[in-house]
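Trainee: The structure follows.
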Amino acid sequence: MSEAESGTATPDTEGAAGRDVSQLEHEGDVAADYLEGLLDIADLDGDIDLDVENDRAVVSVVGDGLETLTGSNGEVLEALQELTRLAVLRETGERSRLMLDVGQFRAQRKSELIDLAKQAVETVRSTGEPESLGAMTPFERKVIHDAVGAAGLRSESEGVEPRRYVVVLPA
C-alpha cells in the first residue's frame, strides 16, 4: 500500500514536479473514473489501483482478459495513457505525467528492459565501444537510462520518434 493510499502522506509535501501528493492523488482519482467508464463501455472487468511514485500518479488496471488494452507491443497502452492524461487535463487544467499500466504489461516490460540494460552494460564494459539498442518508447528509454546510470555508465537517446533509441556509452 502506498503512502497515498494509507493516508500517511503529508498533503503539503511537494515533489520535484511542483505538485503535492494531494494533487497527484486527485489526478489518479480522475484517471480512475475515466478508466472505469472505459472499462464499462468495453465490457471488460478490471480493478484499478492508485499509487504515487517518483512524483507522478501511477494507475494500474489489473484483471484477466485485458490484452486488448495493451496491444501486442504496448501501442494500445501508450494511446490509452495519452487519452487518460487528456481526461486529467480536461478535469484539472494541468498537464499530467500520469503513468498507466494494464495487466502488469509495463511492470513486466520494465523487468525485461533492466535485463537488456545489464547486457548492454556488460558488452560496453568488455568492448569499450558504445552499444546501440533498438527503437523504444519514452517509457522504455527512461528505464534503460536509469538502469545504465545505476550501473555507473552513461547513455544518450538518439534518433527521431518513433525510431528514437538509446546508446550505452563507456564511462
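Trainee: In terms of the Cα gyration tensor, with a ≥ b ≥ c the square roots of its eigenvalues, is the chain rounded because a/c is under 1.5, prolate because a/b exceeds b/c, or oblate?
Mentor: Because a/c hits 1.5 or more and a/b exceeds b/c, the chain counts as prolate.
Trainee: Could you run the Karplus curve 6.51 cos²θ - 1.76 cosθ + 1.60 with θ = phi - 60° over the range 152-160 and give me ³J(HN,Hα) per residue in whole Hz, x for Gly and Pro?
Mentor: Residue by residue, the range 152-160 yields x, 10, 10, 8, 9, 8, 9, x, 10 Hz.
Trainee: Give me, ordered by chain and number, the residues 5 or more places off Asp101 or on other chains with an amide H under 5 Å from its own placed amide H.
Mentor: Val59, Ser60, Val61
Trainee: Could you pull out every residue, at least 5 positions away or on a different chain, whose amide H is within less than 5 Å of the one on Ser155? Hs are placed 1.01 Å off N in the peptide plane, and Pro or chain starts have none.
Mentor: Leu169
Trainee: Quick one: putting +1 on the C-beta of Lys and Arg, -1 on the C-beta of Asp and Glu, what dipole do you get for the range 107-169 around its Cα centre, in Debye to the nearest 20?
Mentor: Using only the charged Cβ atoms, the result is roughly 160 debye.
Trainee: With a 10 Å radius around each residue's Cβ, average the other Cβ atoms per peptide and rank 141-151, 34-44, highest first.
Mentor: 141-151, 34-44
Trainee: May I ask you to list the GluC sites (Glu not before Pro) in the range 59-140 that are in a DSSP loop and have at most 15 other Cβ atoms within 10 Å of their Cβ? Walk me through the intermediate numbers first.
Mentor: On the way: sites: Glu67, Glu75, Glu78, Glu82, Glu91, Glu94, Glu112, Glu122, Glu131, Glu140; in loops: Glu94.
Loop-located and lightly packed - Glu94.
Trainee: Taking only Cα atoms of the range 107-169, what ratio of Rg to Rh do you get with Rh as the Kirkwood inverse-distance radius?
Mentor: Across the range 107-169, the Cα-based Rg/Rh ratio is 0.94.
Trainee: How big is D for the range 55-140, in µm² s⁻¹ as a whole number, if Stokes-Einstein is applied with the Kirkwood radius of its Cα pairs at 37 °C and 0.692 mPa s?
Mentor: It diffuses with D of about 222 µm²/s by this estimate.
The numbers here are math on the coordinates, done by the rules we state, and not lab data. Everything numeric here is computed off the predicted structure, so don't read it as measured data. When we count neighbours, we look across all protein chains shown, and the Cβ atoms used for this are built from the backbone with ideal geometry, even at glycine.
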